[in-house]
Amino acid sequence: MGLLLVVITLAIVGGLMAMQSKTQGPSAPQVQQEESQALVTASAQTFAQVGQALQADYAQNGTYVGAQLPVGSQVTLAQATDKTYCLQTTVDGTVVHESGPGGAPAAGACAAA
């Protein structure tokens, strides 16, 4: 009887720990959202610097198509039209994009054209 009580108690404690890890551990939705937001924030300065070069190219050519991005920026011009563009980069293995002009960094790849 005593051994059965110990086994039941251990099962209950194990179940409670598993439930807690889903809401507070590294795979918890809040933690994943905060990590994603940190990556987006980290990419903001990179996109801002590339955006300045992109706007200079646009001012000269009147289009984003074929615009040259700074060498070594690790940013690609994933989509470009006469009036819009989408920049894309990878930060710590996570893809981040910015649609512009006037957009803000967001997690994930550029939307399909």
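The values are calculated or read from the model by the stated rules, or taken from the named source; none is laboratory data. What you are looking at is a predicted structure, and each value in this text was computed from that prediction instead of being measured. Quick reminder, even Gly has a Cβ in these numbers, built from the backbone with ideal geometry, and neighbours come from all protein chains shown.
Here's the yes/no breakdown for (1) surrounded by fewer than 13 Cβ atoms within 10 Å (Cβ to Cβ); (2) within 18 Å of residue 57 (Cβ to Cβ):
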| position | (1), (2) |
| --- | --- |
| 77 | no, yes |
| 80 | no, yes |
| 83 | yes, yes |
| 94 | no, no |
| 98 | no, yes |
| 103 | no, yes |
| 111 | yes, no |
Exercise for the section: Output yes when any residue across region 16-32 is of a type in the set (Ser, Thr, Tyr), modelled with pLDDT under 90 and assigned to a helix (DSSP H, G or I), and no when none is. Expected result: yes
Problem - Complete set of residues in region 49-103 that are more than 18 Å from the chain's Cα centre (by Cα) and acidic (Asp, Glu) - result: 57, 82
Completion exercise
Per the filter on region 64-83, residues under 13 Å from residue 51 (Cβ atoms) and part of a loop (DSSP other than H, G, I, E, B) are 64, 67, 69, 70, 73, 75
Handout entry: Pick from region 84-95, criterion in a strand (DSSP E or B) and not aliphatic (A, V, I, L, M), ranking: modelled with the lowest pLDDT
Key = 94
Exercise for the section: For region 104-113, name all the residues that are part of a loop (DSSP other than H, G, I, E, B) and either on the phi < 0 side of the Ramachandran plot or over 13 Å from the mean Cα position of the chain (by Cα) (or both). Expected result: 104, 105, 109, 110, 111, 112, 113
